[in-house]
Amino acid sequence: MTGEYRIGNSSYFRLPNTLLMEERILRIGTRKRPYSIGLPAVMGILNVTPDSFYDGGRYADRDSWLRQTERMVNEGASVIDIGVMSTRPGSEAVNPDEEMDRLLPVVETVMDRFPEIPVSVDTYRATVAEEACRKGAAMINDISGGKMDKDMPGILARYGISYVMMHIQGTPCDMQQNPVYTDVVEDIIGFFRDQTHDFIENKGVKGQIILDPGFGFGKTLEHNYRILSSIGRFRELGFPLMAGLSRKSMICKALGITPGEALNGTTVLNTIALLRGVDVLRVHDVREAVEVITLVNKIMEL
């Protein structure tokens, strides 16, 4: 069976609600700068930050961030997600001007060197998103799902940009201070249902949304594993689904290890996510994620 998502300034087709890893295409970007990627796909993380939980400070200059991008592209990343402000638990936000000053040179140099690879920008600020759109970014990855900046939907509608709508309870500064849900899966489904309806029906954002339940963002260890266990439920909403499990505390706390030791655990959870219907894996380690997709597809082809 085949199917197609069109994400960006174009139509949207809902796929059958199935766990089969049928060949699918995700179209992101805009009419002026369209990209097509096969699903399942890997989004490679490029953190140009001094303080991210795993790789903060590693890619602080042009040569290092370009080398890392080249490595991820060569290993099979379909999208590069650029972030310049840590959103780890307890982190404080940098001011918008500093975020802009850090971000735009990275976006420009990565797009110049790798024009065939779509760039996603990890920000919840509409002003930053707009400048990234002007530079040619294909996607905005918003940890707040549009809740932290009411102007974000207008930017998406104006530029026809693709959008990752993530769920968070609270803010990065306080999100892990006793998060509480009535039912974590149903509550997040309700959030996505309300937000996507508002974006599409009221704000004019058409066919541009990818859902991310936000592992580790205002969730306890039990919440995270309950979400992963039921992650296929989110496909009922009819949008592509992304999971960001890479080296997260839900692995480290369960195994008593550090993020630097969490690659094997990441691979296990990515495998489960794919088997339960996830379309995009957001990861630090691209080669291993691509191998997971290759092997899971072998099983699903039988």
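Which one of Met148, Met165, Met111, Met100 is out of contact with any strand residue (DSSP E or B) (no Cβ under 9 Å at 6 or more places or on another chain) and either under 25 Å from Pro240 (Cβ atoms) or in a helix (DSSP H, G or I) (or both)?
Values: Met148 fails: out of contact with any strand residue (DSSP E or B) (no Cβ under 9 Å at 6 or more places or on another chain); Met165 fails: out of contact with any strand residue (DSSP E or B) (no Cβ under 9 Å at 6 or more places or on another chain); Met111 fails: out of contact with any strand residue (DSSP E or B) (no Cβ under 9 Å at 6 or more places or on another chain).
Just a single option satisfies the conditions, and that option is Met100.
Can you work out which of the residues in the stretch 110-128 that are over 22 Å from Val283 (Cβ atoms) and of a type outside the set (Gly, Ala, Ser) is surrounded by the most Cβ atoms within 10 Å (Cβ to Cβ)? First the steps, then the outcome.
Taking the stretch 110-128 and keeping what is over 22 Å from Val283 (Cβ atoms), we get 112, 115, 125-128.
So of that shortlist, the ones also of a type outside the set (Gly, Ala, Ser) come out as 112, 115, 125, 127-128.
Details: Asp112: 10, Pro115: 11, Arg125: 22, Thr127: 16, Val128: 24.
Among those residues, the one meeting the criterion is Val128.
Across the stretch 42-101, the qualifying residues are those that are modelled with pLDDT under 75 and touching a helix residue (DSSP H, G or I) at 6+ places or on another chain (Cβ under 8 Å), and the one among them that is surrounded by the most Cβ atoms within 10 Å (Cβ to Cβ) is Tyr59. Residues that are acidic (Asp, Glu) and farther than 19 Å from Tyr124 by Cα do not occur anywhere in the stretch 168-182.
Residue pairs whose Cβ atoms lie under 7 Å apart, sitting 6 or more positions apart in sequence or on different chains, and linking a residue in the stretch 180-205 that is of a type in the set (Asp, Glu) to a partner that is surrounded by fewer than 19 Cβ atoms within 10 Å (Cβ to Cβ), are Asp187/Tyr181. Scanning the stretch 212-237 for residues that are of a type in the set (Gly, Ala, Ser) and either more than 16 Å from Gln176 (Cα to Cα) or surrounded by fewer than 18 Cβ atoms within 10 Å (Cβ to Cβ) (or both) turns up Ser229, Ser230, Gly232. Taking the stretch 169-272 as the region of interest, the helices (runs of 4 or more DSSP H) fully inside it that hold 2 or more residues being charged (D, E, K, R) are 184-197, 221-229.
Residues checked against (1) farther than 18 Å from Arg235 by Cβ; (2) among the acidic types (Asp, Glu); (3) within 16 Å of the chain's Cα centre (by Cα); (4) surrounded by fewer than 17 Cβ atoms within 10 Å (Cβ to Cβ):
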site	(1), (2), (3), (4)
Asp187	no, yes, no, yes
Asp194	no, yes, no, yes
Gly204	yes, no, no, yes
Ile210	no, no, yes, no
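The values are calculated or read from the model by the stated rules, or taken from the named source; none is laboratory data. Keep in mind the model is a prediction, meaning the values are calculated, not measured. When we count neighbours, we look across all protein chains shown, and the Cβ atoms used for this are built from the backbone with ideal geometry, even at glycine.
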